[in-house]
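Okay, so here's the structure we're looking at.
The values are calculated or read from the model by the stated rules, or taken from the named source; none is laboratory data. Computed from a prediction, not measured in an experiment: that's the story for all the values here. Glycine also receives a Cβ, built like all others from the backbone with ideal geometry; neighbour counts cover every protein chain displayed.
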Amino acid sequence: MTPKLTDDARGHSVFRWWTPNDGDEVRLRRRELQDRIWWSVMVRWCFVVVGAVATALAAVGVLPVHVSPVLLGGATGGLALTNLVYSLIGGRVRDGRIPKLTPRRFLLVEVSTDFAVLSVLSYALGVIETPTVALFLANIVLLTLHCTWKQSLVMTLVAGFFASAPVVLTGTGVIPVESVLHSDLPQRLADNATLMTGYVLGVFIIFVTCWYVVAQLAAGLQTRERRLQEDYDRVVKVGEQKSRATLRATHELKAPLAAIKSYVYTMRDGYTGELAPGTRKVILRIGERCDLLTHRISQIIHLANLKTLEWSQLNFQVVELPAIFAEEVEEAAIQGRARKVTVEWSDQSIPSAPIMASVSELRAMLSNILLNAVDYSREGGVVTVAVTSDVGGVHCTVSDRGIGIPPECVGRIFEDHFRTDNAVRHRPNGSGLGMAIVAEVVRLHEAQISVTSKLEEGTTMTVTFPHPKAFRRELRP
Amino acid sequence: MARILMIDDDPDIVESLRMVLEANGHEVHELASTRHVVADVKEVAPDLIILDVMFPEDPQAGFKAARLLHQEPAVRDIPVILLSAVNQRSKLAFGFSDDDISEDFMPVQRFIEKPIEPQLLLDLIAELLR
């Protein structure tokens, strides 16, 4: 049992509701951050396409506004070039093959170049004539969700700098004023120092406010995530403790029986001297009752364990049902030989039928159904098995021609310790737990079980498993 | 015929198997704990070890003892039969099976469920000591 390893970073938030904590760091799961990097690369390609189309239209003078195709093309080209570089190295960053470039640093570099491009774009689109500055807010939100609060605050201030740069540079005469709507707003802003200062301050206030609001919302979500993670860890720990306790209980109950049975073997085989026939008979009977008790203990503990299990605690994988079924059929056939009960495959059975299953529990279920069919068949009887598949699912069928189940009892056979009167007469030492175990395993596998039976003629049980694609579909995004 | 060391805290298992082994000419030594397993095994110098899995001090003491013995050059070649009352045939999710035998995880020659049929044990010992 090798321990399960995970490389997911634990998410936690240390923001208090009114202010961020000094020196604390917000971390999200690495995979989510890596997915976000790829998502932002894809979004940029969309902007590149829009920018390229707009540049082409501006060049031929089709656009209803006056936009410098040189500036627009430059911004689009810069975005395309940087995005190409990000696309090429993004995979290596994701796999951790560039040691100094973590996903978070990569995101900061991406966003920094975005700010530069947006600054140029804002200038090209007349600064205050168009709401281009609002595009900075999308990057601020992205940063606040994925970076430490210090990093995101610094980058928010950097965003403010880049957003204000066109206004300041035009106001100081470094670059000429651009207007797309032929209005005098950009010129008036550039000529009036008070307006310019107010604009710059306004940009910083809006950006920092946005950062703070998103940070608080993110903190709330991340606190909830941290608590969920802690609850999950607690559940896993309790599950492990329960498993250890169950293992210990199993051992404490079975070990004494194993010791008794070991003495039975020793006496049976004459290692304590010759046994009188009567004594030998008693010794063998002690051994049989030990076996029954051992089996019953296993069933009780197994059933108790199953009732508290959720499917997420088991190792589900795609398996070939016919192959696993065949192994259990072989074991049941061996058991049946003593009473001349044969187990045979139906002609309609198919060789391949994948299902999602926990192999150990699946085997337990199949074993219980098969051994039930064998045990409740009459001497010389035949048990027929089959695996078939249709749109409804994968069907696993076991039919016997044994003692059958009274009609009024068919609905009760999955209750703990329930046995019909005819079953008790036929086989006094059954536990009544086999079908209860089957019912729990069916539940965990999201399967269905149907039972048809006629008294004195036999019983057919069919377990229908969902196809792998339909398994737990409601939990998939 | 062979010197066999039984490491098991259950005196009844030890006693019942001792009867079988000594009746077949083997010399049987016993240990009830794995606390000083390497030193004890070196002292006894057995030809084969029958080792229980669960002990009061540690439910995995048998596995750990098997790994310690495997790491010690002086005793690593002594065949080990691991015994347990809980295994895969118990149909419990945490049982082990012969498939778990490996150099790193379970460096033993066989993994057997208790109780073991006397003739099966004798045949197994003969096979491992051949």
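Restricting attention to region B:117-130, the residues that are within 13 Å of B:Leu17 (Cα to Cα) and either touching a residue at least 60 places away in the same chain (Cβ under 8 Å) or in a helix (DSSP H, G or I) (or both) total 6.
Number of residues in region A:249-294 that are surrounded by 17 or more Cβ atoms within 10 Å (Cβ to Cβ) and in contact (Cβ under 8 Å) with a residue 40 or more places away in the chain: the value is 5. Restricting to region B:35-85, name every residue that is farther than 19 Å from B:Arg3 by Cβ, within 13 Å of the chain's Cα centre (by Cα) and hydrophobic (A, V, I, L, M, F, W, C). Once the filter is applied, which keeps residues that are farther than 19 Å from B:Arg3 by Cβ, within 13 Å of the chain's Cα centre (by Cα) and hydrophobic (A, V, I, L, M, F, W, C), region B:35-85 yields B:Val53, B:Met54, B:Phe55, B:Ala61, B:Phe63, B:Ala85.
State yes or no: is A:Leu169 surrounded by fewer than 19 Cβ atoms within 10 Å (Cβ to Cβ) and within 16 Å of A:Leu118 (Cα to Cα)? Yes.
Entry remark, region A:189-220: residues being within 30 Å of A:Val177 (Cα to Cα), of a type in the set (S, T, N, Q) and either part of a helix (DSSP H, G or I) or within 46 Å of the chain's Cα centre (by Cα) (or both) number 3 in total. Of all residues in region A:385-403, those that are over 17 Å from A:Ile449 (Cβ atoms) and surrounded by 15 or more Cβ atoms within 10 Å (Cβ to Cβ) total 3.
Report, by residue number, each residue of region B:1-37 that is part of a strand (DSSP E or B) and within 14 Å of another protein chain (Cβ to nearest Cβ).
So in region B:1-37, the residues part of a strand (DSSP E or B) come out as B:3-7, B:27-31.
Within region B:1-37, B:Met6, B:Val28 meet the criteria.
When the test is whether a residue is in the same structural domain as A:Phe471 (by TED's automatic domain parsing), part of a loop (DSSP other than H, G, I, E, B) and either among the small types (Gly, Ala, Ser) or modelled with pLDDT under 95 (or both), A:Asn429 passes it. Listed by position, the helices (runs of 4 or more DSSP H) enclosed by region A:63-154 that each have at least 3 residues that are modelled with pLDDT under 80 and not hydrophobic (A, V, I, L, M, F, W, C) are A:69-94.
This table checks each residue for (1) within 11 Å of another protein chain (Cβ to nearest Cβ); (2) at pLDDT 95 or above.
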site	(1), (2)
A:Leu293	no, no
A:Leu309	yes, no
A:Glu327	no, no
A:Ile334	no, no
A:Pro351	no, no
A:Ser360	yes, no
A:Asp375	no, no
A:Glu379	no, no
A:Val385	no, yes
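Criterion first (modelled with pLDDT under 90 and within 14 Å of chain B (Cβ to nearest Cβ)) does A:Leu370 satisfy it? Judged against the criteria, A:Leu370 is not a match. Which residue out of A:Leu284, A:Leu303 is within 14 Å of chain B (Cβ to nearest Cβ), out of contact with any helix residue (DSSP H, G or I) (no Cβ under 6 Å at 6 or more places or on another chain) and in a helix (DSSP H, G or I)? After ruling out the rest, the residue left standing is A:Leu284.
For region A:339-363, filtering for residues that are within 25 Å of the chain's Cα centre (by Cα) and among the small types (Gly, Ala, Ser) leaves 4.
Against the condition of a type in the set (Gly, Ala, Ser), in the same structural domain as A:Phe162 (by TED's automatic domain parsing) and touching a helix residue (DSSP H, G or I) at 6+ places or on another chain (Cβ under 8 Å), how does A:Ala218 come out, does it pass? Yes, satisfied.
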